[in-house]
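Quick notes on the structure that follows.
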Amino acid sequence: MLGLVAILLGLCFGSFLNVVIIRIPQNKSVILPPSSCNNCGNKLKPYHNIPIFSYIFLGGKCGFCKTKISIMYPIIEAASAVIAYAVYLKFGYTFYALFIGLSILLLFALCIIDLKTLEIPDSVNFTALIFAIIGGILYFEDFLFVVSSSLSLAGFFTLLRFAMQTLIKKDVLGEGDIIVVATMGALLGWKLTFFAIFLSAVFALVILILLSKKDHKIPFVPFLFLGTLPCLFFPDFFNSYIMGYLLA
Ligand SMILES: [Zn+2]
């Protein structure tokens, strides 16, 4: 029953994320005006706005002008529901689950924005960081550990970025990516975050080789997100792996 609540909350928040993903890069308010069709401009009726189900009963078309609606809307809603349910399974029905879940869902929205625009809007990024810090403090019950993990990682990667800019004249991580790393630090603690970044780099390398892209700017937030998920949901596995490696 509580799992169902998590899924419904995930669906509704996913619907909101669709608005965030479209409007934030255009510097528009996420609250007003209410959603309307991109093509005919008619305001959506409440029953046009039900996550996933509206898409299905409208046959993937606008209720007024019958223009096709992007399949991305229901996909993002469904993915948000899956993430919310996974957070519920891992963290239960708690306050920290709420904050950790919101942070992860905002990171998910950042992935899509980064993929679409190669930009990482600060407003979404810092909101995710704040939720992560609150969730992390409630979860770890250790204010200093969470804040120092987050800040020291941000500091470390800022220095690394500066060093790389000076030495090889290349941007390794953007400023937006570094805030995402700070969010990861608050959610995972510093040790697991290093492991998550290592995973992200491996994923990114594989994709770069597959696409044989060399000098192009690639969105890095999706890889950071993919590295974060396994460490967040299976921390014991990775902790024992890291400890085994360090002590061997
Ligand atoms: Zn329309």
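The values are calculated or read from the model by the stated rules, or taken from the named source; none is laboratory data. Bear in mind that the values here come from a model prediction, so they are computed numbers and not experimental data. Virtual Cβ from ideal backbone geometry, glycine too; neighbours counted across all protein chains shown.
In table form, for the structure just shown:
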{"item": "Residue count, segment 19-56 (criterion: in a helix (DSSP H, G or I), within 16 Å of the ligand (Cβ to nearest atom) and surrounded by 12 or more Cβ atoms within 10 Å (Cβ to Cβ))", "result": "4"}
{"item": "Residue count, segment 155-169 (criterion: of a type in the set (D, E, K, R) and surrounded by 11 or more Cβ atoms within 10 Å (Cβ to Cβ))", "result": "1"}
{"item": "Only one of Phe198, Phe145, Phe131, Phe162 that is among the hydrophobic types (A, V, I, L, M, F, W, C) and without any contact (Cβ under 8 Å) to a residue 24 or more places away in the chain", "result": "Phe162"}
{"item": "Selection within segment 187-206 - touching a Pro at 6+ places or on another chain (Cβ under 9 Å) and of a type in the set (Val, Ile, Thr)", "result": "none"}
{"item": "Subset of segment 57-84 (residues that are within 16 Å of the ligand (Cβ to nearest atom) and of a type in the set (Val, Ile, Thr))", "result": "Thr67, Ile69"}
{"item": "Residues that are closer than 30 Å to Met1 by Cβ, surrounded by 15 or more Cβ atoms within 10 Å (Cβ to Cβ) and without any contact (Cβ under 8 Å) to a residue 40 or more places away in the chain, drawn from segment 59-94", "result": "Pro74, Ile75"}
{"item": "Tally, over segment 57-73, of residues that are closer than 23 Å to Leu115 by Cβ, among the aliphatic types (A, V, I, L, M) and either in a loop (DSSP other than H, G, I, E, B) or in the same structural domain as Thr127 (by TED's automatic domain parsing) (or both)", "result": "2"}
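For (1) closer than 20 Å to Gly135 by Cα; (2) acidic (Asp, Glu); (3) over 18 Å from the mean Cα position of the chain (by Cα), each residue gets a yes or a no:
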site: Ser152; (1), (2), (3): yes, no, yes
site: Leu159; (1), (2), (3): no, no, yes
site: Thr228; (1), (2), (3): yes, no, no
site: Asp236; (1), (2), (3): yes, yes, yes
